[in-house]
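Notes follow the structure.
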Amino acid sequence: MTRSVNCIKLDREGEGLVAPPYPGDLGKRIYENVSKEAWQMWLSHQTMLINEYRLTPFEPKARTFLEEEMEKFFFGDGSEKPKEFVPLSS
């Protein structure tokens, strides 16, 4: 049985995550307030940030940056794309 959440990112009801996707309080907040669809949006955004900023996710500074961006993406004013970012055209 799937669980539903009132997704804070999409401002609508959606299928909830199966488990907290991140450790600690932030992971718990995401689990309780973010849908699977919005989490997938974050994963795409995070990948773009890692690639554009050439981050190494296991480095503490990179992890701190990504955690701060995750917080902004879901619970703040949103995480901005880098100024230099140019999406690939199809």
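The values are calculated or read from the model by the stated rules, or taken from the named source; none is laboratory data. Just so we're clear, the structure is a prediction, and the values are computed from it rather than from any experiment. Positions of Cβ are generated from backbone atoms using ideal geometry, with glycine treated the same way; all protein chains shown enter the neighbour counts. Heavy atoms of the whole protein, side chains included, go into the accessibility calculation; ligands, DNA and RNA do not. Shrake-Rupley method; radii C 1.70, N 1.55, O 1.52, S 1.80 Å.
Give the residues of region 13-24 that are surrounded by 11 or more Cβ atoms within 10 Å (Cβ to Cβ) and either under 15 Å from Phe75 (Cβ atoms) or in contact with a Lys or Arg (Cβ under 8 Å, 6 or more places away or on another chain) (or both), sorted by residue number.
Gly14, Glu15, Gly16, Leu17, Pro20, Pro21, Tyr22
Can we say Val5 is among the β-branched types (Val, Ile, Thr), assigned to a strand (DSSP E or B) and more than 18 Å from Thr64 (Cα to Cα)?
So Val5 passes the test.
Which of the residues that make up region 58-90 are at pLDDT below 90 and either aliphatic (A, V, I, L, M) or open to solvent by 50 Å² or more (accessible area, probe 1.4 Å) (or both)?
Across region 58-90, the qualifying residues are Asp77, Glu80, Lys81, Lys83, Glu84, Phe85, Val86, Pro87, Leu88, Ser89, Ser90.
Suppose we keep only residues that are in contact with a Cys (Cβ under 8 Å, 6 or more places away or on another chain) and not β-branched (Val, Ile, Thr) within region 25-57. Which one would you say is most open to solvent (accessible area, probe 1.4 Å)?
Ranking the qualifying residues of region 25-57, first place goes to Glu37.
Could you please tell me which pairs satisfy a Cβ distance under 9 Å, a separation of 6+ or placement on different chains, a first residue in region 25-51 that is farther than 19 Å from Arg12 by Cβ, and a second residue that is loosely packed, with under 15 Cβ neighbours inside 10 Å and among the hydroxyl-bearing types (Ser, Thr, Tyr)?
If the second residue must be loosely packed, with under 15 Cβ neighbours inside 10 Å and among the hydroxyl-bearing types (Ser, Thr, Tyr), the pairs left are Ile50/Thr56.
Taking Val5, is it aliphatic (A, V, I, L, M) and crowded, with 16+ Cβ neighbours inside 10 Å?
yes
Taking the stated definitions as given, is Ala38 touching a strand residue (DSSP E or B) at 6+ places or on another chain (Cβ under 9 Å) and in a helix (DSSP H, G or I)?
Yes; evaluated as a whole, the condition is true for this residue.
In a helix (DSSP H, G or I), open to solvent by less than 60 Å² (accessible area, probe 1.4 Å) and touching a residue at least 12 places away in the same chain (Cβ under 8 Å): is that true of Leu10 in this structure?
For Leu10, the condition - in a helix (DSSP H, G or I), open to solvent by less than 60 Å² (accessible area, probe 1.4 Å) and touching a residue at least 12 places away in the same chain (Cβ under 8 Å) - is not met.
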